[in-house]
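> Got a structure for you, written out below as structure tokens; questions coming shortly.
The values are calculated or read from the model by the stated rules, or taken from the named source; none is laboratory data. If you're wondering where the values come from, they're calculated on a predicted model, not measured in any experiment. Neighbour counts run over all protein chains shown; Cβ positions are idealised from the backbone, glycine included. Protein only, heavy atoms only, side chains kept; ligands, DNA and RNA dropped before computing areas. Shrake-Rupley method; radii C 1.70, N 1.55, O 1.52, S 1.80 Å.
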Amino acid sequence: MKWRVIDQVNIKKIPLGEWIDSLVDWITITFAGLFSFLTTAIEGLLNILVDVLSAGPPIVLMIVLALLVTYTSKWPLGIFTIISLLLIENLGYWDSSIQTLAIVILSGLLTVVIGIPVGIWCAQRKSVRNIVTPILDFMQTMPAFVYLIPSILFFGIGVVPGIIASFIFAIAPTIRMTNLGIQEVPNDLIEASNAFGSSSSQKLFKVQLPLATPTIMAGVNQSIMLALSMVVTASLVGAPGLGADVYRAVSQINVGQGFEAGLSIVFIAIILDRISQNLRNPAYKHIISPKIVFSILAVLVVVTALILAFTKEEAATGNPGGISAQTDYKIIGIEPGAGIMTQARNAIKDYGLDNWQLVEGSSAAMVAELKKAYDQKEPIIITGWSPHWMFSSFDLKYLDDPNETFGGSEDINTIARKGLEQDAPGAYKILDQFSWETSDMEEVMVHVEEGMDSAEAAEEWIAAHQDKVAEWTNGAQAGNNEPIKLVYVAWDTEIASTNVIGKVLEQNGYNVTLSQVEVGPMFASVANGSADAMVAAWLPSTHLEYYNTYKNDIVDLGPNLQGTKNGLVVPEYVEIDSIEDLK
């Protein structure tokens, strides 16, 4: 039997990602006014909700929620509600819980206002159902993180993209269950209503919706739970609340704080679940009519909102044309566990910037917000560091730091686990000899930013700098497919350096695995031996806290890059030069 070897046909990759990027850019520019209006409206509604929920001492809201849970779900759950809310307040998460409640309530209201009408439309028009159903399938299977990407570009960093992403993620059950509930109404009842000459609206509101209400409320309940499940994900783009507390605990390896914040989310979930499940059929409806209870609740909310609107004093905003008012007193930060965030918080204290807020999020969200502001020539203040490709792509400058809160120049050190030198001496020696310049790192970063895969960019740099790679591998014993696990944080600098050293180790006979983690887990994994090394320790300032925590369980191989810098960064067109100008 003869065999033919057929050469693999190289098919050019469809530039789907580029098409999507172009579409998003077009939408961002074309509908900028609409997005600005929606941002203002959603932020306004959220502020009203937060103010209403925060009115008076915490015990007031605790009692109201406990009474509402008691009315809908019987007294034992009412007792549980008051105890759990008292525990949340005692643990120090009351303000975060208020923020989370407001975000979930607003997301839930949006799903009801939009989801139920769409569900009704689907039930009445088969053609609409055929279009909407695959869209819902797509929405429910798409990872929740993906919704954050266009949300940041459309609405900026903060709570609004978090609410929008939560709404998109959570709306599908309300639409599906509304459609299902109406379709399940018995045909004989529909025929009877037609026989009595009912109009379409009478048939809908008098027959179909009342009978479909249990199914619709089940969908609303699911949507509320899904919106609550998004609170941690939404914190990646700066949404406040319990999700941000959980994210901060994860990035800092703070088990206690993570448990406390997570437990608070569980309590909030149980309370919202029990209320939404039994709204239609409260446990004590035979004692007090639901119309009376919910009318009283609505009146309380409206009256409180009106009173607060008339009595609330506007905070002094200083010079309306100054940098403070133009940036809304916000400094756009990155991951909460990053060392530069600790430095930025210290700077706010050192320079007396009491009205300023450091917005937590992620490196990607910060860069997206910078790009959006830079394209529109709007002022923005970010936490920045170099080397970073954004200094090549944008005309930026550091604000002077007279108090030296951000410290001087830093090094990026290589850290290895204890025992690596004995287990893999060749890999240990390569890591120990790894050292390059800022220009080398930026060369890789620029390739990645231009769309090249990070591994491919690393290979290209290695091929062009064999002399430097030879210095790293000089005298190093070749590996025999021993596993080497490198950990890194998702900073552009660390993506570049980790991929380069990973490829070098791979080319010298090691089976290399790269794992992206937060800063805390990065240090902890090397210290406990679950990872072999990292080339991403910014010292002596940015990662000093983590270094001091784990220094007795790790091996510091010294700097692999010198001369980094941290600080507050603004575009060149922003007419300030020092952190003191923010006062």
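> Pairs of alpha-carbon atoms within less than 8 angstrom and 6+ residues apart define the contacts here; what relative contact order does the stretch 210-266 have, in percent? Mind showing how you got there, number by number?
Numbers: 36 pairs, mean separation 12.1, N = 57.
Computed over the stretch 210-266, the figure is 21 percent.
> Return the long-range amide H neighbours of ILE334 (sequence gap of 5 or more, or a different chain), with a cut-off of under 5 Å between placed amide H atoms.
Counting only residues 5 or more places away or on other chains, the set is GLY361.
> Quantify, in whole percent, the carbon and sulfur part of the accessible surface of the chain (1.4 Å probe; protein heavy atoms only).
Working: 16600 of 28620 Å².
Carbon plus sulfur share of accessible area: 58 percent.
> Mind checking the angle between helix 255-277 and the chain's longest principal axis? C-alpha axes, 0 to 90 degrees, to the nearest 10.
Between the helix axis and the principal axis of the chain, the angle is about 20 degrees.
> Counting only heavy atoms of the protein chains, get the accessible area per residue of the chain (1.4 Å probe) and round it to a whole Å² value.
49 Å²
> Quick one: grab the alpha carbon gyration tensor of the stretch 27-123, order the square roots of its eigenvalues as a ≥ b ≥ c, and give me rounded if a/c is under 1.5, else prolate or oblate depending on whether a/b is larger than b/c.
Numbers: a/c = 3.35, a/b = 1.63, b/c = 2.05.
Here the stretch 27-123 falls in the oblate category.
> Add -39500 (n - 2.57) for each DSSP H run of 4 or more in the chain, then divide by its residues: what number comes out at 222 nm, to the nearest 500 deg cm²/dmol?
It lands at -19500 deg cm²/dmol.
> Something else: Calculate the translational D of the chain in whole µm² s⁻¹ from Stokes-Einstein, where the hydrodynamic radius comes from the Kirkwood formula applied to all Cα pairs, the temperature is 20 °C and the viscosity 1.002 mPa s.
Diffusion coefficient, whole number: 79 µm²/s.
> So what are the three principal axis dimensions of the stretch 451-577 from its Cα atoms, in whole Å, longest to shortest?
56, 38, 25
> Which value, in Å³ per residue, describes the convex hull spanned by the Cα atoms of the stretch 221-294?
Convex hull volume per residue, Cα atoms: 97 Å³.
> Order the peptides 193-200, 420-427 from the highest to the lowest mean number of other Cβ atoms within 10 Å of their residues.
Packing proxy ranking, top to bottom: 420-427, 193-200.
> With only Lys, Arg, Asp and Glu charged, each at its Cβ (+1 for the first two, -1 for the last two), find how big the charge dipole of the stretch 1-145 is about the Cα centre; round to the nearest 20 debye. Could the numbers behind the result be given before it?
Values: 8 positive and 9 negative charges, 190 e Å.
Roughly 920 debye, rounded to the nearest 20.
> Let me ask something else. Compute the semi-axes of the equivalent ellipsoid of the stretch 237-370, taking the square root of 5 times each eigenvalue of the Cα gyration tensor, and list them largest first in whole Å.
Values: eigenvalues 291, 124, 28 Å².
Each semi-axis is √(5λ); the values are 38, 25, 12 Å.
> Shifting gears a bit: Given the alpha-carbon gyration tensor of the stretch 377-529, what are the semi-axes of its equivalent ellipsoid in whole angstrom, ordered largest first, with each equal to the square root of 5 times an eigenvalue? Don't skip to the end; give the middle numbers.
Numbers: eigenvalues 178, 70, 40 Å².
Semi-axes from the Cα gyration tensor: 30, 19, 14 Å.
> Sticking with this structure for a sec: Taking the chain as the reference, fit the longest principal axis to its C-alpha atoms, fit the long axis of helix 290-311 to the helix C-alpha atoms, and give the angle between the two in degrees, 0 to 90, nearest 10.
Once rounded, one gets 60 degrees.
> Quick one: angle between helix 75-91 and the longest Cα principal axis of the chain, in degrees between 0 and 90, rounded to 10, please.
Roughly 30 degrees, rounded to the nearest 10.
> In the calculated pair distance distribution of the stretch 155-224, what percentage of Cα-Cα distances lie above 20 Å?
The share of Cα pairs beyond 20 Å in the stretch 155-224 comes to 45 percent.
> Put +1 on the Cβ of every Lys and Arg and -1 on every Asp and Glu Cβ in the stretch 350-415; which of ASN403, ILE415, PHE391 then has its Cα farthest towards the positive end of the dipole?
Farthest along the dipole direction, towards plus: PHE391.
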